[in-house]
Amino acid sequence: MAHATTFMGYHRPDGRVGIRNYVIAVGNCSCANGIVNQIAARVPGVIPMIHTDGCSTPGEFDRWRETLVGVCCNPNIYAAILVGVGCETDDAKEIGKRIEAESGGKPVFAAIVQEDGGGLKVIEKCVKAAEQFVADAEKVERKEAPVSSLVLATECGGSDAFSGITANPAIGYVSDWIVSNGGTSILSEIPELIGTEEILAKRSITPEVGERVKSLIYEWEERTRTLLGANTSRTLARGNMVGGLTTIQEKALGCVHKGGTSTVMDVIDYAERVGQRKGLIIMDGPGYDTDNVTGIFASGAQLFMFSTGRGNPLGYPVAPVIKICSNSKTYYAVGGDEGDMDINAGAIVTDGMTPEELGEKCIEYLLDVCNGKQTRPEANGYGGAMCVWSTTSPF
Amino acid sequence: MKKGIRLNSKDNVGVVVQDVNAGEEVDFGNGLVVTALDSIALPHKLALVDIEAGSYIIKYGEIMGYATQDIPVGRHVHDHNCDSEKLMK
């Protein structure tokens, strides 16, 4: 089936294309979250991005800074209000300047509680700026853009033994289609690739990329062993095991299907910008979905395809998340049509749909979502917080 | 007869796609029918052949673990008889 190779998106100053047009209020650290909530409550159309970290953890400062800047630079964001408190590690106004520079002049307003007259005055200033940003955002029109400008994030959460048979191959089908049209797809959740390192290394563009894939997966295996010892083979959530998954390798052999059959072109750090990279990219990041989705969004992905066997409801505040359920039982258990899930991949097993038919349906659905159709997490308001990956403890 | 899936011809385990009671037959296609020794909930695995302790458990045509005890054909395969600890680097 021939699909459209363009969609209608929001063209940004840096040449990237958004599929949503958000104004966000975001904290420079979690101490600003109350103020962020007040600004969002006062200005309809402003999305609060609740930063779960941001200070007092020296081991994470570089990663958190890159993540915050990357989130604000994502093309789904029209403008950002950045709230600092003053005593935190990074200066919010400096971060604001970095966002403006990297995004080619995206509207940014930054205020700092301890410099700008306290929280109440900061709220007033930010509300005023936010009202203007929302009014300006409404004037931006969707214009035609090629599928090659898409960066797809692939994700799985609350997997069961059907995930690797139905939903993940469907995501892989879409990923291959995006790649064949010159776009970019990101595979991450590295601990959930343990045992697939040889498969991915063989598919890598050069032996050097293959070695980087292998060493990244080994690094995670070692990290997991330090935490779990002899239980490393059960790097699984309780629900995964109830859902029929026995070992981390079994889960990973299902997870790897999200990357389809495309060549692995490169390996990037958590939140590192995709930039001009095309094809299938592997991003360092945890299996814990809420932390991983923020990293992929900061890297530049405009949308997620997210498989689940157990019925995980997670969305993202500023990106569409297409939920693909691995089995019909769960699909109907979490609301059926117009419930928590977008697509029932279990139809392959229960309704005689072929994997190709499911893949084609997913591509059409993705194009509709790029053009503005709300995913179920968007329609249901399941956005959540901006959780950021940490590997060290705060002091 | 209940339905199951064998994902790859190398696999020695299959996935049941319907809840199965002990004693029921499960059809894995291509003439492969296995009688379940245990009640098995979808989408858990059962042994398609007798698997000796220490042998690899194969799914998707790849190694996903090894048998920690002898597993007769038709038995539920899960964490009580399958692990992958020794496969770790």
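The values are calculated or read from the model by the stated rules, or taken from the named source; none is laboratory data. The structure displayed is predicted, hence computed values, not measured ones. We place every Cβ from the backbone using ideal geometry, glycine too, and count neighbours over all the protein chains shown. Only protein heavy atoms, including side chains, enter the accessible area calculation; ligands, DNA and RNA are left aside. Shrake-Rupley method; radii C 1.70, N 1.55, O 1.52, S 1.80 Å.
Within the stretch B:7-89, report the GluC sites (Glu not before Pro) that DSSP leaves as loop and that have at most 11 other Cβ atoms within 10 Å.
B:GLU52
Give me the accessible area per residue for chain A, probe 1.4 Å, as a whole number in Å².
Dividing the accessible area of chain A by its residue count gives 36 Å².
If you place +1 on the Cβ of every Lys and Arg, -1 on the Cβ of every Asp and Glu, and leave all else neutral, what size is the dipole of the stretch B:27-70 about its Cα centre, to the nearest 20 Debye?
Dipole about the Cα centre, nearest 20: 160 debye.
Whole angstrom only: what separates the Cα centroid of the stretch A:77-137 from the Cα centroid of the stretch A:212-230?
39
List the cysteines of chain A that have no other Cys Cβ closer than 4.7 Å: which are they?
Cysteines lacking a close Cβ partner in chain A: A:CYS31, A:CYS72, A:CYS73, A:CYS87, A:CYS126, A:CYS156, A:CYS255, A:CYS325, A:CYS362, A:CYS370, A:CYS387.
For A:GLU138, A:GLU66, what's the largest-to-smallest order of accessible area, 1.4 Å probe?
Listed by decreasing accessible area, they come as A:GLU138, A:GLU66.
What is the spin-label model distance, in nm, from A:VAL140 to A:ASP269 if the labels are put 7 Å beyond Cα along the C-beta direction?
2.7
Can you pull out the buried accessible area for chains A and B, both sides counted, probe 1.4 Å, rounded to the nearest 100 Å²?
2300
Could you point to the residue in A:ALA137, A:GLY119, A:THR206 farthest towards the positive end of the stretch A:111-244's charge dipole, with +1 and -1 charges on the Cβ of Lys/Arg and Asp/Glu respectively?
A:THR206
Strictly greater than 17 Å: what percent of every Cα pair in the stretch B:2-88 meets that?
Result: 39 percent of Cα pairs exceed 17 Å.
Could you state the accessible area per residue of the stretch B:2-88 in Å², with a 1.4 Å probe and every protein chain left in place?
44
How far is the Cα center of the stretch A:364-395 from the Cα center of the stretch B:21-55, in Å?
A separation of 39 Å, based on Cα centres.
How much of A:ILE205 can a 1.4 Å solvent probe reach, expressed as accessible area in Å² and rounded to 10?
About 90 Å², ignoring ligands and nucleic acids.
Between A:TYR218 and A:ALA385, what is 0.36 nm times their sequence separation minus the Cα-Cα distance? Round to one decimal in nm.
Length difference between fully extended and current span is 57.1 nm.
Hey, can you grab everything whose amide H is under 5 Å from the amide H of B:SER39? Only 5+ residues off in sequence or another chain; H modelled, so Pro and N-termini drop out.
B:ALA22
Using only Cα atoms and rounding to the nearest 10 degrees, what angle (0 to 90) does helix A:167-180 make with the longest principal axis of chain A?
Once rounded, one gets 70 degrees.
Pop out the carbon and sulfur fraction of the accessible area of the protein assembly as shown as a percent, whole number, probe 1.4 Å.
That share works out to 51 percent.
Compute accessible area for the stretch A:158-187 by itself and then with all protein chains, 1.4 Å probe, and report residues whose area falls by 50 Å² or more.
Residues of the stretch A:158-187 that lose at least 50 Å² of accessible area once the other chains are added: A:PHE162, A:ILE165.
Could you give the length gained on full extension between A:LEU227 and A:ILE205, defined as 0.36 nm per residue of separation minus the Cα-Cα distance, in nm?
Result: 4.7 nm gained on full extension.
Compute accessible area for the stretch B:54-74 by itself and then with all protein chains, 1.4 Å probe, and report residues whose area falls by 50 Å² or more.
For the stretch B:54-74, once contacts with the other chains are taken into account, B:TYR60, B:MET64 lose 50 Å² or more.
Distance in nm between label sites at B:GLU85 and A:ARG238, each 7 Å beyond Cα in the beta-carbon direction?
2.2
With r as the distance between the Cβ atoms of A:GLU338 and A:ALA2 and R0 = 30 Å, compute the FRET efficiency 1/(1 + (r/R0)^6) and round to 0.05.
For A:ALA2 and A:GLU338, the calculated efficiency is 0.55.
Report the label-to-label distance for A:THR354 and A:GLU115 in nanometres (one decimal), using points 7 Å from each Cα along the Cα→Cβ vector.
The answer from the label model is 6.2 nm.
What does DSSP give for chain A in terms of the percent of beta bridges that are antiparallel, rounded to the nearest 5?
Within chain A, antiparallel bridges account for around 15 percent of the total.
At 1.4 Å probe size, what's the solvent-accessible area of A:CYS72? Round to the nearest 10 Å².
Answer for A:CYS72: close to 0 Å² accessible.
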